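Written out below as structure tokens is the structure these notes cover.
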Amino acid sequence: MTQPGDLRALIAAPEIVVAPGVYDGLSALLAERAGFAAAYISGASIAYTRFGRPDIGLVSMDEVAGVLSAIRERVALPLIIDADTGFGNALNVARTVRLFARYGADAIQLEDQVTPKRCGHLDDKAVITTGEMVGKIKAAVDARPSDATLIVARTDAVAVEGLDPALDRAEAYREAGADMLFVEALRSDDEITAAMDRLGGTIPLMANMVEGGKTPLKSGAELQALGYSLVIFPGGLVRALTRTAVDYLDGLKAAGTTAPFRDRMLDFDALNEIIGTPEMLALGRTYEE
């Protein structure tokens, strides 16, 4: 099993890291069981699943920290966590980085949107100045316990200022000490390539694939061929499970039973096997008189 702290080496390897989005202990466990090398704790997916609300800055630092803590308790694979804007100014960023690193984050992603932020694939975003974001990145680098905790700098400026100014920002964030860059919501194949042409070879780049979002969907292999080091699919699992849940609930309402859906469900024993119930009960017995 991949141990925490291996993320820097994984990103430096020739093969791209494909990280599914997770949002609780069960989703992270399923990602680990499927053999993924890392997982991405999606702020959007936390908002969707915990509150049934959109990704518009409603989730607090403590709420994200609680999710991170629960996931780290359950799995050992490297975790990249979406820290939004750092939940405030540079001093808030420092506190967020210290807390998330203590709870087991291997990489902490910070973005240059204003507070409250919104999903990178929604319209009408706004960004802070480059200088303010540079200060936030420097605060994050100073606050992390060691360079084993990676700082991922995200810019949302493509939609606000255009591609070239966004890439200018990314270069400034690299110089401020970021370990990886994430240019969000690239709008075409040409922009995906242009970002790599401008920034590749100087620092690892991260790509974001959102089904129905603004960026053309590409596979990990396609992005690897372009030179990207990490690709996340942050909301894919939520969208898949939500579609399944809608079908399940519609069927239960119509039939008054789960029987028509049974072949698409785990039974009681199968779910307990996945979550480790037999092992935990056996462990408990070792402490009995």
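The values are calculated or read from the model by the stated rules, or taken from the named source; none is laboratory data. What you are looking at is a predicted structure, and each value in this text was computed from that prediction instead of being measured. Cβ placement follows ideal geometry from the backbone for every residue including glycine, while neighbour counts extend to all protein chains displayed. Calculation scope for accessible area: heavy atoms of the full protein, side chains included, ligands and nucleic acids excluded. Shrake-Rupley method; radii C 1.70, N 1.55, O 1.52, S 1.80 Å.
Worth a mention:
- For the range 53-135: accessible area per residue (Å², 1.4 Å): 39
- Across A140, A166, A34, mean-square fluctuation computed from a Gaussian network of the chain (C-alpha pairs under 10 Å connected) peaks at A34.
- Computed over the chain with a Gaussian network model linking Cα atoms closer than 10 Å, the most mobile of V183, V93, V158 is V158.
- Springs join every pair of Cα atoms under 10 Å in this Gaussian network model of the chain, and among R50, R102, R264 the largest mean-square fluctuation is at R264.
- About its Cα centre, the chain has a charge dipole of approximately 400 debye under the convention of +1 per Lys or Arg Cβ and -1 per Asp or Glu Cβ, with nothing else charged.
- Charge sum, other residues only, whose C-beta stays under 11 Å from L167's C-beta, Lys/Arg counted +1 and Asp/Glu -1: -3
- Counting only DSSP H runs of at least 4 residues, each contributing -39500 (n - 2.57), and dividing by the residue count of the chain, the helix-based mean residue ellipticity at 222 nm comes to -13500 deg cm²/dmol.
- For the range 212-268, the solvent-accessible area of protein heavy atoms averages 63 Å² per residue (probe radius 1.4 Å; ligands and nucleic acids excluded).
- Counting DSSP beta bridges with both ends in the chain, the antiparallel % (nearest 5): 5
- Centroid-to-centroid separation of the range 76-92 and the range 15-71 [C-alpha atoms, Å]: 12
- D269-E175 pseudo-label distance in nm [points 7 Å out on the Cα-to-Cβ vector]: 6.5
- Solvent-accessible surface (1.4 angstrom probe) belonging to F51, in square angstrom, nearest 10: 90
- Counting only protein chain heavy atoms and rolling a 1.4 Å probe, the accessible areas of D164, D106 rank, largest first, as D164, D106.
- Computed extension length for D62-T115: 17.5 nm, one decimal, from 0.36 nm per residue of separation with the Cα-Cα distance subtracted.
- Taking Cα atoms only, the orientation of helix 236-255 departs from the longest principal axis of the chain by about 30 degrees.
- Carbon and sulfur %, accessible surface of the range 72-218 computed with the full protein complex present, 1.4 Å: 47
- Summarising the strand pairing of the range 51-199, around 10 percent of its internal DSSP beta bridges are antiparallel.
- Along the axis of the charge dipole computed for the chain (Cβ charges of +1 for Lys and Arg, -1 for Asp and Glu, origin at the Cα centre), the listed residues L199, P20, T242 are led at the positive end by T242.
- Angle of helix 189-199 to the longest C-alpha principal axis of the chain, folded into 0 to 90 degrees and rounded to 10: 60°.
- Taking Cβ atoms as reference points and 13 Å as the exclusive limit, the residues near G201 contribute a net charge of 0, counting Lys and Arg as +1 and Asp and Glu as -1.
- Gain on full stretching of the segment that runs from N92 to Y287 - 0.36 nm per residue minus C-alpha separation: 65.9 nm
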